[in-house]
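Read the figures in this text as sums done on the coordinates, not as results from a lab. Model, not experiment: these values are computed from the prediction. Neighbour counts run over all protein chains shown; Cβ positions are idealised from the backbone, glycine included.
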Amino acid sequence: MAPAILSQVLRQLPKIVDENLLVGLETSDDAAVYRLSDELAVIQTVDFFTPVVDDPYIFGQVAAANALSDIYAMGGRPLLALNIACFPGCLSPDVLREILTGGADKVKEAGAIIAGGHTVQDDEPKYGLAVTGLVHPDEIISNAGARPGDALVLTKPLGTGIIATAVKAELAPPESRTAAVTTMCALNREAAAVMRAAGATACTDITGFGLLGHAAEMAEAGGVSFTMYQHAIPLLPGALELAAMGMIPGGAYSNREHLSERVSFAGSIAAAGRMLLYDPQTSGGLLIALPPEQGMRLVKQLAEKGLAAALIGTVTGRQPWLIRVEE
């Protein structure tokens, strides 16, 4: 089922009212947050998916980094993780061991621990984590706080979905494949630490809805609109050329259809460039809104840590569109 359809279904569920549920379903945020005390709240998230790479160890790393990202997007730190795995009986148990090892190593890198999990037999491998994190109730960074005038910073380049599609077709250049794997395996830990210190007003991580889908949720939640500049948006090497060749995953078309009435493009932007902004990402970067004077400072701080972040746009008052993309 397409992510857009799932989101619509979730919004139709009965609203849960609890004074300690600080973040729930209402704004399609990255994780739930529940207050335990005046000084401590727990963050809860879950994510798992089918392999996006052939190497089982790397797949485990990517899936774990992707699940951990929701904790970072909320301004928290991961504490505990549980494995979720579906595995076919026709494959060697060694493959499952490599997947779980990759996940465990990535969770260890994040400073958290894996304390068990659940596995079922299925026709297709799937892996991910249920992750618990911690945050002070006054330091939660939701997707709903962006304010007119804020700067928008993206902390990872786009194109993982397009490159993965090209890999399956055996058309991806080696440098594109290597760059995609590297960015998918990278934790958003450093980006989250820097954004907290910079006074971020809102944040979300970029995954299956693509940049425009998650940005639209963020703008909707905050009652604002975003203006983005295509030339400023970082891309993985070869991603634009592969998009122009037609290496577009089905999820990108679903995202475009879902967002057709909420996104406006400058007429000069070519089709390939547009599709990259709809491209579903795996373990993508953080989209951060923060005071304008902090935007370039955040980019420079992340660059010092080796992260290819970029200032990609600004927040405005609500317009007829949620997202406007200029050249």
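When only Cα pairs below 8 angstrom with a gap of at least 6 residues are kept, the stretch 31-139 shows a relative contact order of 43 percent.
For the stretch 1-137, the Kirkwood estimate of hydrodynamic radius, built from reciprocal distances between every pair of different alpha carbons, is 15.8 Å. A Gaussian network model of the chain, with springs between Cα atoms under 10 Å, assigns the largest mean-square fluctuation among ARG297, ARG274, ARG177 to ARG297.
Taking HIS214, HIS118, HIS258 as the candidate residues, the one with maximal mean-square fluctuation in a Gaussian network model of the chain, Cα springs under 10 Å, is HIS118. Over all orientations, the stretch 57-182 has a Cα convex hull whose mean projected area works out to 10.3 square nanometres. A convex hull fitted to the Cα coordinates of the stretch 141-273 yields 113 cubic angstrom per residue.
Entry note, the chain: relative contact order of 23 percent, from Cα contacts under 8 Å with a spacing of 6+ residues. Given a 10 angstrom Cα cut-off, can you work out which residue in PHE59, PHE209, PHE49 is the most mobile in a GNM of the chain? Checking each option, the largest mean-square fluctuation is seen for PHE49. Other residues within the sphere of radius under 15 Å centred on the Cβ of THR132, judged by their own Cβ, net out at -1 (K and R +1, D and E -1). With contacts taken as Cα pairs under 8 Å at a separation of at least 6 residues, the stretch 70-204 carries a relative contact order of 35 percent.
Database remark: amide H of ASN143 closer than 5 angstrom to the amide H of ASP30, CYS203 (H placed geometrically; neighbours at sequence offset of 5 or more, or on other chains; Pro and chain starts carry no H). Near the amide H of VAL23, within less than 5 Å, lie the amide hydrogens of VAL33, all on another chain or at least 5 residues away, with H placed in the peptide plane. Summing charges over neighbours of PRO320, with a neighbour being any other residue whose Cβ is under 12 Å away from its Cβ, gives +2 when K and R count +1 and D and E count -1. For the chain, DSSP calls about 75 percent of its internal beta bridges antiparallel. Only DSSP H runs of four or more residues enter the estimate; each adds -39500 (n - 2.57), and after division by the residues of the chain the mean residue ellipticity at 222 nm equals -11500 deg cm²/dmol. For the stretch 254-311, the equivalent ellipsoid derived from the alpha-carbon gyration tensor has semi-axes of 27, 14, 12 Å in decreasing order.
Ignoring lysines fewer than eight residues from LYS305 along the same chain, the ones with Cα atoms less than 26 angstrom from its Cα are LYS106, LYS108, LYS156.
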